[in-house]
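To start, the structure itself, in structure tokens.
The values are calculated or read from the model by the stated rules, or taken from the named source; none is laboratory data. Please read all numbers here as calculations on a predicted model, not as lab measurements. Glycine also receives a Cβ, built like all others from the backbone with ideal geometry; neighbour counts cover every protein chain displayed. With ligands, DNA and RNA removed, areas are computed over all heavy atoms of the protein, side chains included. Shrake-Rupley method; radii C 1.70, N 1.55, O 1.52, S 1.80 Å.
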Amino acid sequence: MINLIRLDERMIHGQIAIKWSKHTGVDRIIVANDAAAANSIVQKSLMMAAPSNIKVAIKSIDDAVRLINDPRSDKLKILLIVANPVDLLKMVEQVKGIPRINIGNYGRIAEKKGNLQRCAYGSNLYAYEDEAAIFAKIIQT
């Protein structure tokens, strides 16, 4: 069912469309993001970036959980994309059968918290202490 869950604050972009969709052999991409699900302009932008041969759904977190946990999704090959660690944790806790988690790009353009600085955990991952704690919880789950 789920081939891969990826944390990527940009959600769907060229790397997803070209590399990850082919590498994972998916036939569906589900973006689980409350803000994107509520914004038709963001939805249209994401759909334009998606490969034309893959069906895409942009859902709120709760709707994505329901969709993925529906037994009819078992036969699909899904790339699930979330945009932040909180949503990733929700998915890991509420969706069974996630074989792999890929942490892509996070922290460079994510919402800032005042003057606090995120710590670098590699070239594409920047996190506040509370976000790092969420990542630790994800690893333990």
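Report whether or not ASP70 is farther than 24 Å from THR141 by Cβ, open to solvent by less than 60 Å² (accessible area, probe 1.4 Å) and among the acidic types (Asp, Glu).
It is false that ASP70 is farther than 24 Å from THR141 by Cβ, open to solvent by less than 60 Å² (accessible area, probe 1.4 Å) and among the acidic types (Asp, Glu).
Residues of the range 23-32 that are open to solvent by 60 Å² or more (accessible area, probe 1.4 Å) and at pLDDT 90 or above: ARG28 alone. Tell me whether the range 67-74 contains one or more residues that are in contact (Cβ under 8 Å) with a residue 60 or more places away in the chain, farther than 14 Å from ILE5 by Cα and not in a loop (DSSP other than H, G, I, E, B). Yes - at least one qualifying residue is present in the range 67-74. If only residues of the range 103-123 that are modelled with pLDDT of 90 or more and open to solvent by less than 60 Å² (accessible area, probe 1.4 Å) are counted, the one that is nearest to the chain's Cα centre (by Cα) is TYR106. Being hydrophobic (A, V, I, L, M, F, W, C), modelled with pLDDT of 95 or more and open to solvent by 20 Å² or more (accessible area, probe 1.4 Å) is a property that does not hold for VAL82. Only one of the numbered conditions (1) modelled with pLDDT of 95 or more; (2) open to solvent by less than 80 Å² (accessible area, probe 1.4 Å); (3) not small (Gly, Ala, Ser) is not met by GLN94, and that is (2).
Please tell me if ALA127 is surrounded by 14 or more Cβ atoms within 10 Å (Cβ to Cβ), free of Cβ contacts under 8 Å to residues at least 40 places away in the same chain and in contact with a strand residue (DSSP E or B) (Cβ under 7 Å, 6 or more places away or on another chain).
No: the conditions fail for ALA127.
Here are ARG6, ARG100, ARG10: which of them is in contact (Cβ under 8 Å) with a residue 12 or more places away in the chain, farther than 23 Å from THR141 by Cβ and either touching a Gly at 6+ places or on another chain (Cβ under 6 Å) or open to solvent by 60 Å² or more (accessible area, probe 1.4 Å) (or both)?
Exactly one residue qualifies, and that residue is ARG10.
One residue alone among ILE98, ILE109, ILE81 is closer than 20 Å to ILE54 by Cβ, of a type in the set (A, V, I, L, M, F, W, C) and in a loop (DSSP other than H, G, I, E, B), and that residue is ILE98. If you filter the range 37-61 down to residues that are more than 17 Å from TRP20 (Cα to Cα) and touching a Lys or Arg at 6+ places or on another chain (Cβ under 9 Å), you find that the one that is least open to solvent (accessible area, probe 1.4 Å) is ILE61.
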